[in-house]
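So the structure is just underneath, and the comments pick up after that.
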Amino acid sequence: MKKIVLFLLLFISVAFSTINECKTDIYFGNGILTVRETAKNNAFKVLKPAIIEKFGLDYYNKHIGKVDYAYNHTDGMLADLLESFVQKTDGTGIEYLNIY
């Protein structure tokens, strides 16, 4: 029993010591016809330097937790355009999420 309690305390202390709720995580969302490698490059080679250029390295280190990419797979040009059209016409696009 003591080992279980010790393990839980150790696990909880490690888990919560790595979370910093004062920092913002930023994710790059790719557009249509973007392969995974391009989305990854855009997140790390474009987005991160753009944040540093606009706000400065000190701000970045204090306020930004992680810059990563949220990949939306591509199904080809026609399928991607059709998906975008359907989302735009039926209201499932991201611009409609703020009404909730």
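Among the residues of region 76-92, those that are among the acidic types (D, E) and under 9 Å from I32 (Cβ atoms) comprise D80, E83. Name the residue that is modelled with the lowest pLDDT, counting only residues in region 78-99 that are assigned to a loop (DSSP other than H, G, I, E, B) and under 20 Å from the mean Cα position of the chain (by Cα). Here the residue is G93. Note on region 28-43: among residues that are surrounded by fewer than 14 Cβ atoms within 10 Å (Cβ to Cβ) and among the hydrophobic types (A, V, I, L, M, F, W, C), the one that is modelled with the lowest pLDDT is L33. Pairs are defined by a Cβ separation below 9 Å, a sequence spacing of at least 6 or placement on different chains, a first member in region 35-50 that is more than 11 Å from Y71 (Cβ to Cβ), and a second member that is in a helix (DSSP H, G or I); the pairs so defined are K48/Y60.
The values are calculated or read from the model by the stated rules, or taken from the named source; none is laboratory data. Since the model is a prediction, treat every value here as computed from it, not as a measurement. Neighbour counts run over all protein chains shown; Cβ positions are idealised from the backbone, glycine included.
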